[in-house]
């Protein structure tokens, strides 16, 4: 059976979620996808090169097929928040946040990919809020994303998903920004 690049990237994402950047190895990834390590290196020159691919796939899955916010910004917003929350609750952590703690100036390509991931997600959130007439949509999107991401830390350390559920409920209604939907 042929191992596709998508399968490699998906398995790399799971390794990063489970073990972080430092704990994930190309040897472990090769074993998961049924390749020899040398064969894996012909597809990706190093582990750092996988970070951008993992985060691109994650963004695609998160944003693909969202309702058009120009037609119904509330539905687009609630769908996006719901997708983010479902991933966090199911996987117990955000791969982007997990990677953010593992990449450093020693891995500039990976560091740039993590930054871009969060910036694109925040911008998409802000665009939806802007269409809804929410005041200070850039700040609102950043604050909501920070609340959701922070809730994953709580899940990871305590196993308690209730703070995530409260953050999602608040974000879905935009309670903290004076405009309930």
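None of the figures in this text is laboratory data; all of them are computed from the coordinates on show. Model, not experiment: these values are computed from the prediction. All Cβ positions, glycine included, derive from the backbone under ideal geometry; neighbour counts span all protein chains shown.
In table form, for the structure just shown:
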read-out	value
Backbone N within segment 2-34 under 20 Å of label point (7 Å from residue 157 Cα along the Cβ vector)	17-21
Choice from 47, 92, 36 with maximal GNM fluctuation in the chain (Cα, 10 Å cutoff)	36
Kirkwood hydrodynamic radius of segment 48-177, from inverse mean 1/r over distinct Cα pairs, in Å	15.1
Distance between segment 134-173 and segment 1-45 - C-alpha centres, whole angstrom	30
Computed over segment 75-145: relative contact order in percent, which uses C-alpha pairs under 8 Å that are six or more apart	24
With Cα atoms, 0 to 90° folded angle of helix 162-173 axis to the chain main axis	50
Order of 41, 21 - criterion: other Cβ atoms within 10 Å of each residue's Cβ, fewest first	41, 21
Degrees, to the nearest 10: 5-23 long Cα axis against longest axis of the chain	80
Gain in span if fully extended, residue 106 to residue 74, counting 0.36 nm per residue against the direct Cα distance	7.4 nm
Choice from 56, 152, 42 with maximal GNM fluctuation in the chain (Cα, 10 Å cutoff)	42
Principal-axis tilt of helix 73-91 within the chain, Cα atoms, nearest 10 degrees	40
Residues 5, 75, 131 arranged by fewest to most Cβ contacts within 10 Å	5, 75, 131
